[in-house]
């Protein structure tokens, strides 16, 4: 892991952050039209959505004129190391949304992977700010077969008293407990991804760039506060709280059935990280939802212009944001 960390070729954003809130940064990629905010997972970094200016999902929206933003959580600072999911939503995600609303008006909040659950919560809690909800490869029913890839000791570690865990849990430890090496079978997945991109895109992303960026991203995680880690393991993975309607944020039970904004859900049929059967119930529970599923994997949804979900998302945005 030390060797990998020393040889990372991390993606750099072209512009300085539009907003810094603690360790969390809000990045504006471009565009001046209706706003889109991408909310990534709290395990991996958000730059995977913006790898290439022609084909990656975020830049497809920029090139279509949308004011496109990505939230990067980053490893917690001294204050955030005590944050739970509610505090990340109310004290980091909400200020980013307020910034965007002040500049552009109501926005579409788009969550990738577990970021989709945070986007879902924001759409329910702040309906006056959210014009639409997008969930991409978002887990919802955590009891489905093949999910999750969690090591047996994750529960024991999550139960440690926070008083003896003075530092956030490291991204390396999280990857080991979530058994990410088997999920990210890097060589097989990168070769398959490269072949799909070459075959599907008119202007394919540089394959070298894809390989190095995705390989970096797979191990370039962020540290996580103990309260967030405990919530992910206990509330989500064990108690299945989102699906059972027992996940509470700011005194509200998060329930997709009462989200007023129109929504769009993208699911990958070949997803080894978030199985179709885990993501589908969220689409079914949202009252005004457009479901799109693609014969691709977790990363294929966001890295390819044709094999991914960009064209369908753009079509939906044009109709939903009239």
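What follows is calculated from the coordinates using simple rules that are stated; it is not laboratory data. Since we're looking at a predicted model, the values are computed, not measured. Glycine also receives a Cβ, built like all others from the backbone with ideal geometry; neighbour counts cover every protein chain displayed.
Take 34-42, 20-28 and order them by the average number of nearby Cβ atoms within 10 Å per residue, most first; the result is 34-42, 20-28.
Extension gain, residue 284-residue 32: 0.36 nm per intervening residue step, less the Cα-Cα distance, totals 87.5 nm. On the basis of the beta-carbon distance and an R0 of 41 Å, residue 258 and residue 295 show a calculated FRET efficiency of 0.80. If you take every DSSP beta bridge whose two residues both sit in the range 231-322, what share of them, in percent to the nearest 5, is antiparallel? Around 25 percent of the beta bridges assigned by DSSP in the range 231-322 are antiparallel ones. If R0 is taken as 25 Å, the Cβ-Cβ distance between residue 91 and residue 246 corresponds to a FRET efficiency of 0.65.
Subtracting the Cα-Cα distance of residue 78 and residue 314 from their residue separation scaled by 0.36 nm leaves 81.0 nm.
When each of the peptides 250-263, 101-114 is scored by the mean number of other C-beta atoms lying within 10 Å of its residues, the order from highest to lowest reads 101-114, 250-263. Working from label points 7 Å from Cα in the Cα-to-Cβ sense, the residue 14 to residue 239 distance is 4.4 nm.
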